[in-house]
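J.: Shown below is the structure under consideration.
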Amino acid sequence: MIKPEEVYKIGRLGKAHGVKGEVSFQFDDDIFDRVDSDYLILEVDGILVPFFIEEYRFRSDTVALVKFEDVDTQQRAQELTGCDVYFPRSLADDDETPSLSMLVGFDVVDVTTGTTVGRIAAIDDSTANLLFELEDGRLIPAAEELITNIDSKNKVIKMTIPEGLLEL
């Protein structure tokens, strides 16, 4: 059984495309194209299920058409519409540069004090400056110059937190 902490969300399936089982895939992270993986994990009725990729092709920078094995009809593809798509953290760890999506669930540690500031609940990319949204609602800039180390194995990001930022 696949556990939620073993994966991270990379997108969502959209509508069926054509009659042979293709489905549109709106992704935030193209890790599935950068790292060798034969499958993606879909959340179907609350259960994480691996679906093996037969083929895919890009429609844009954020949308791909995916054909999964054993999904051979438009009706079967329609059943997958709206499913969240996840990628295994163990395979993503092989990628040299972790994506922002992968950092959700990581603990943020202030290198100056050595204390854990909080856990990343989401990435806010609605403005020009990317922000880590912590579980308690606080926002921290996701600026490269503030990040001193990313430990994918232990799910920890060490950052230099500007003085007074956490009191805002």
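The values are calculated or read from the model by the stated rules, or taken from the named source; none is laboratory data. Fair warning: this is a prediction, and the values are worked out from it, not measured in the lab. Cβ: placed from backbone, ideal geometry, glycine included. Neighbour counts: every protein chain shown. Calculation scope for accessible area: heavy atoms of the full protein, side chains included, ligands and nucleic acids excluded. Shrake-Rupley method; radii C 1.70, N 1.55, O 1.52, S 1.80 Å.
J.: So, in segment 18-48, of the ones that are under 13 Å from the mean Cα position of the chain (by Cα) and not acidic (Asp, Glu), which residue ends up farthest from VAL66 (Cα to Cα)?
T.: It comes out as ILE31.
J.: In segment 114-138, what residues are touching a Gly at 6+ places or on another chain (Cβ under 9 Å) and open to solvent by 80 Å² or more (accessible area, probe 1.4 Å)?
T.: Across segment 114-138, the qualifying residues are ARG119, GLU135, ASP136.
J.: When the residues of segment 124-140 are filtered to those that are over 18 Å from GLY164 (Cβ atoms) and outside any loop (DSSP other than H, G, I, E, B), which remaining residue is nearest to the chain's Cα centre (by Cα)?
T.: ASP124
J.: Does VAL71 satisfy the condition of being in contact with a helix residue (DSSP H, G or I) (Cβ under 9 Å, 6 or more places away or on another chain) and among the aliphatic types (A, V, I, L, M)?
T.: Considered against the rule, which asks whether it is in contact with a helix residue (DSSP H, G or I) (Cβ under 9 Å, 6 or more places away or on another chain) and among the aliphatic types (A, V, I, L, M), VAL71 comes out as yes.
J.: Hey, ILE31 hits all of (1) in contact with a Ser or Thr (Cβ under 8 Å, 6 or more places away or on another chain); (2) at pLDDT 90 or above but one; which does it fall short on?
T.: (2)
J.: Return the pair list, or none, for Cβ contacts closer than 9 Å from residues in segment 122-151 that are within 16 Å of VAL104 (Cα to Cα) and without any contact (Cβ under 8 Å) to a residue 12 or more places away in the chain to residues that are aromatic (Phe, Trp, Tyr) and not in a helix (DSSP H, G or I), at least 6 apart or on different chains.
T.: Close Cβ pairs (under 9 Å, with a partner that is aromatic (Phe, Trp, Tyr) and not in a helix (DSSP H, G or I)) amount to ASP151/PHE106.
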